[in-house]
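Nothing in this text is a laboratory measurement; each read-out follows from the coordinates by a stated rule. Computed from a predicted model, the values in this text were never measured in an experiment. FYI the Cβ positions are ideal-geometry reconstructions off the backbone, even for glycines, and counts take in every protein chain you see.
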Amino acid sequence: EAGVVQSPRYKIIEKKQPVAFWCNPISGHNTLYWYLQNLGQGPELLIRYENEEAVDDSQLPKDRFSAERLKGVDSTLKIQPAELGDSAVYLCASSLGDLAGAHDEQFFGPGTRLTVL
Amino acid sequence: SQQGEEDPQALSIQEGENATMNCSYKTSINNLQWYRQNSGRGLVHLILIRSNEREKHSGRLRVTLDTSKKSSSLLITASRAADTASYFCATDGGSNYKLTFGKGTLLTVNP
């Protein structure tokens, strides 16, 4: 079974440029998460989707960050414009969804390492 | 904000020794999970312990949970060089299925 797929794996851009990350969750997983991980820190949730609905985006900086999951499968996270402080690893994760106990384990992709110059 | 705090921040041991990492948290939880992250790889789920459980085993892993002290420990027995990684505890508060991760413990197992 394929795991969570993310692309690109690495991205280097200049500040003020836009950037987009793509995630394809494990087939059948209804819940999708985007996390940000700074160096030496644990991941921090940016947004959680249940199917195509964003049910928790309280930590998403909405002035420059946006996300979508139009058909309830793959998802895109965008930053426009990027700032120096956005340099980090962006992780996508998925879980089975709204079944008893199914929210418990999250499966993570390899992440996209963003460098903003 | 991060709820869990792992201790120590870094741990270096010899192959075959046991490694113990601790996690403290602040608010009530539904469950607590441990994840491993190797360099260049994503996070991998290791084990989950629910708030009504006190101890759980999985292979060479042993997790304990003390909800009265709001703390958990992860024991890796007979460590191997391949166990070298960062280990994170993550708490699930239960209200919105949000996992809150700590800063992690960097474990180095020397051959």
Complete set of residues in segment A:50-95 that are over 25 Å from A:ASN30 (Cβ atoms), in contact (Cβ under 8 Å) with a residue 24 or more places away in the chain and acidic (Asp, Glu)
A:GLU83, A:ASP86
Over segment B:51-76, the set of residues of a type in the set (D, E, K, R) and either surrounded by 18 or more Cβ atoms within 10 Å (Cβ to Cβ) or within 14 Å of B:PHE88 (Cβ to Cβ) (or both) is B:LYS70
All strands (runs of 3 or more DSSP E) inside segment A:6-117 with 1 or more residues being away from every other protein chain (no Cβ under 14 Å) and surrounded by fewer than 17 Cβ atoms within 10 Å (Cβ to Cβ)
A:10-13, A:19-24, A:65-68, A:75-79, A:112-116
What's the number of the only condition in (1) outside any loop (DSSP other than H, G, I, E, B); (2) within 14 Å of chain B (Cβ to nearest Cβ); (3) more than 10 Å from the chain's Cα centre (by Cα) that A:GLY3 fails to meet?
(1)
Would segment B:32-39 turn up any residue that is of a type in the set (Lys, Arg) and in a strand (DSSP E or B)?
yes
Checking the conditions here, which among B:GLY102, B:GLY93 is over 11 Å from the mean Cα position of the chain (by Cα), within 14 Å of chain A (Cβ to nearest Cβ) and touching a residue at least 24 places away in the same chain (Cβ under 8 Å)?
B:GLY93
